[in-house]
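Data first, discussion second: the structure below is written as structure tokens.
Bear in mind that the values in this text are calculations on the coordinates, not laboratory data. Since the model is a prediction, treat every value here as computed from it, not as a measurement. Every residue, glycine as well, gets a Cβ built from its backbone with ideal geometry; the counts of neighbours run over all protein chains shown.
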Amino acid sequence: MPSSPTGRTDRNLAWTAFNAVQFAFTLAWTAVMIVIALLVHAVLRDRHWPLRMASRWWAPGLLRGAGARLRVSGLEQVDWSRNHVFVANHQSTIDICALFRAIPVPLHFLLKQEMTRVPLVGWYAKAMGMVFIDRSNRRAALGFMRRSTELLRDGGSLCIFPEGTRSRSGAVAGFKGGAFQAAIDAGVEVVPVAIAGSGAVLYPEGFFRVRPGVIRVSFGTPLPTRTVDGPVDRQVLADEARAAVLAMLGRRADPA
């Protein structure tokens with residue numbers, strides 16, 4: 001029997017109230033974790049443990065608060081004693097939590113320049129050596145490339161969303177070749193990562209619309225950035241990485 005309009009309204013109100021509580025928890029938990037991480041960083045003068053706090057405390061707390069169950073596969077395909085560039089499809093803001101939790105090494109992200117203006121989050125990101133990109137400024141974009149390459153040559157691991165933005169429909173847009181240049185310059189392998197279910201847990205549209213669900217993170221076979229003939233073409237590498245992500249998502253390698 002179809003539910004009545006009154007019943008649907010009551011459920012919507014209940015979800016709205018629940019999501020408001022979740023949003024308050026997200027802000028409070030994030031603020032507490034960042035303050036502690038920054039204090040640890042100030043004392044130790046080292047980024048390792050503040051970054052691991054994001055993986056072991058902050059991300060799991062937010063995933064549990066959202067009612068998200070994380071399922072990870074393919075970890076055995078990656079040599080975790082080496083650093084990599086991880087490239088993932090992007091459905092939701094909660095992807096960052098899922099990746100922090102799934103990847104068992106200290107992780108840096110490529111973030112939009114606007115994030116530097118977000119209180120606490122921006123402070124933490126800058127202190128941890130995250131890489132920022134200003135897409136409106138070509139000279140600044142070249143600086144991002146230099147900083148990314150330096151981070152990789154120093155042994156850091158970097159995570160990039162090469163679609164450039166979140167997908168509102170769940171489709172995987174074309175991967176931009178420029179996102180792969182730092183990996184090529186540093187001679188670091190690229191690991192394709194497929195994320196499924198995150199857009200249904202934290203919707204990309206609307207204000208903090210959360211529903212419990214499963215987020216799956218799958219790791220593919222690392223892709224070399226150099227062959228005996230020299231560096232791999234960055235767009236060829238981008239297309240290979242996208243095809244691997246689509247395969248892990250069980251989708252046909254359709255045109256970008």
message: Sorting check: for 82-95, 58-71, which peptide has the highest mean count of neighbouring beta carbons within 10 Å, and how do the rest follow?
response: 82-95, 58-71
message: In region 87-129, whose amide N lies under 16 Å from the spot 7 Å out along Cα-to-Cβ of Trp49? List them in ranges.
response: 106, 128
task: Kindly identify region 90-202 as rounded, prolate or oblate by the Cα gyration tensor criterion: order the square roots of the eigenvalues as a ≥ b ≥ c, call it rounded if a/c is under 1.5, otherwise compare a/b with b/c, prolate if a/b is larger, else oblate.
output: rounded
message: Under the 0.36 nm per residue contour assumption, what length would be gained going from the current alpha-carbon distance of Ala17 and Ser73 to full extension?
response: 16.7 nm
statement: Amide H neighbours of Leu111 at under 5 Å, excluding residues fewer than 5 places away on the same chain, with H built from the backbone geometry, are Val131, Phe132, Ile133
statement: Packing-ranked peptide list from 166-176, 102-112, highest mean Cβ count within 10 angstrom first, is 102-112, 166-176
query: For region 148-256, with the dipole built from +1 on Lys and Arg beta-carbon atoms and -1 on Asp and Glu ones, taken about the Cα centre, which of Val245, Ser198, Gly156 lies farthest toward the positive end?
result: Ser198
query: Can you tell which of Leu39, Asn83, Met128 lies farthest toward the positive end of the dipole of the chain, using +1 and -1 charges on the Cβ of basic and acidic side chains (Lys, Arg; Asp, Glu)?
result: Leu39
task: Taking the Cα centre of the chain as origin, sum charge times position over the Cβ atoms of Lys and Arg (+1) and Asp and Glu (-1), and report the length of that vector in debye to the nearest 20.
output: 620 debye
- prompt: Which value at 222 nm does the chain reach when only helices count, each DSSP H run of 4 or more adding -39,500 (n - 2.57), with the total divided by all residues and rounded to the nearest 500 deg cm²/dmol?
  reply: -13000 deg cm²/dmol
